[in-house]
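The values are calculated or read from the model by the stated rules, or taken from the named source; none is laboratory data. In this text the structure is predicted, and so the values were computed from the model without any measurement. As a convention, Cβ positions derive from the backbone with ideal geometry for all residues, glycine included, and neighbour counts pool all protein chains shown. Accessible surface is based on the protein model in full, side chains and every heavy atom, while ligands, DNA and RNA are left aside. Shrake-Rupley method; radii C 1.70, N 1.55, O 1.52, S 1.80 Å.
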Amino acid sequence: MSDTGSTNPPTFTAPDRQREQSIPLAGAPMTEARTDIPELHSDKSFIVTWLFAWLLGIFGADRFYLGKVGTGILKLITFGGLGVWALIDVILVLAGAQKDKHGRTLMGYKEHKKIAWIVTGAVIVLSIVMGAVNGANGATGNVATAPVVQDQPAADPVKDDAAPAEAPAEAPPAEAPAEAPKAETPTVNSWADDTFGTFAPVTETGTGDNIVSLPAGATAGIVTATHTGSSNFSMSILDASNASTGELLVNTIGDYSGTTIYGINAFGEGKTIQITADGAWKLNIAPISSAPALASSGAGDAVYLYDGDAAKLAASHDGDGNFVVMEETGEAFSMGLLVNEIGAYSGTVPLSAGPSVIAVQADGNWTLDVK
């Protein structure tokens with residue numbers, strides 16, 4: 001009979017021991033990571049991203065496709081970082097390091113990465129080979145070929161009974177070549193006609209408000225105006241629909257005398273001049289080529305032609321109103337507006353090389369010193 005009071009420890013069966021070993025202790029580190037959590041994939045295709053990065057990378061197409069609009073715009077305006085950024089993005093896509101805007105792996109990367117690497121490498125190798133072949137062909141084409149010298153038949157020996165050869169007749173003296181006519185050097189005036197057009201000057205007179213037609217045949221011209229009155233006097237340019245071209249040539253009170261320019265900084269093609277006046281006025285409309293050479297000093301509004309080199313322009317003004325100095329060379333990147341101040345002014349600004357047109361707007365005395 002067994003002793004019911006025995007203190008022997010209980011025994012465990014094999015399954016009990018397995019369950020005991022499988023229960024982790026509290027606080028014990030987990031030594032094995034779970035592998036049953038699925039990886040999150042983007043709905044953006046790896047193939048499409050790769051092609052965009054490779055073919056349209058300088059325009060940021062791959063970044064826009066992945067939803068990264070900010071860096072896409074930056075990549076677009078920098079032309080893919082001058083190509084460097086575009087190349088880096090291609091490598092990132094091929095290496096699987098490029099993600100969508102949510103940080104998810106691109107769809108189909110594992111399935112298609114091998115073929116993408118092969119195609120990219122093949123194209124690069126083919127480009128290198130073609131470049132080397134073209135370079136070799138170019139070098140071969142530049143090699144001068146030595147001229148082939150043909151064998152000349154030997155001259156027959158002179159026979160004793162041969163008649164003496166007659167002396168060749170003297171050739172008439174060659175006439176001296178006529179001197180080629182010298183090409184005319186273009187002047188600043190001819191440049192103005194070629195650039196802005198020309199027409200016959202027109203003179204108009206009147207009193208009070210009126211509208212005067214601009215001469216046809218030129219895109220720009222100069223207007224010399226006088227006004228005798230005590231109220232507002234203004235001249236603005238209108239297009240064919242009577243809308244303003246944005247050019248207000250004169251806007252003053254009382255008497256006026258000066259020369260202004262139209263057609264340079266216009267938002268449309270000018271057709272007429274709208275005049276607002278309370279007194280008698282006179283206009284002389286002439287082509288820009290009729291403007292005089294740049295003066296060193298003057299008063300009020302004026303227009304000049306400049307034909308010198310690039311230089312420094314020291315300018316001064318003693319009036320109370322607007323003081324504007326503008327240069328127009330007809331080039332896309334000319335200096336344009338040189339001075340734009342109100343009241344007295346003294347300073348030095350850069351002046352582009354001529355030929356050019358210099359327009360001055362002032363209500364006082366001014367100086368222009370080219371250094």
message: Can you tell me the length gained on complete extension of the stretch Ala240 to Ala295, counting 0.36 nm per residue apart and subtracting the Cα distance?
response: 16.3 nm
query: Given a Förster radius of 35 Å and the C-beta distance between Asp307 and Ile342 as r, what FRET efficiency does 1/(1 + (r/R0)^6) yield to the nearest 0.05?
result: 0.70
message: Computing the accessible area with a 1.4 Å probe over protein heavy atoms, can you report the carbon and sulfur percentage for segment 215-297?
response: 50
field: Residue-normalised accessible area of segment 298-371, expressed per residue, 1.4 Å probe, Å²
entry: 46
message: Quick check: residue separation of Val125 and Ala95 times 0.36 nm, minus the Cα distance between them. What number comes out in nm?
response: 8.9 nm
- request: Return the lysines within reach of Lys271: Cα separation strictly under 24 angstrom, same-chain partners fewer than 8 residues apart disregarded; answer none if there are no such residues.
  value: Lys282
- prompt: Viscosity 0.692 mPa s, temperature 37 °C: Stokes-Einstein D of segment 267-371 from its Kirkwood Cα radius, in µm² per second?
  reply: 221
message: Given the whole protein assembly as supplied and a 1.4 Å probe, what does the accessible area of Ile58 come to in Å², nearest 10?
response: 70
query: Which lysines, on any chain, are close to Lys44 with Cα under 24 Å apart, when same-chain ones fewer than 8 places away are left out?
result: Lys68, Lys75, Lys99, Lys101, Lys110, Lys113, Lys114
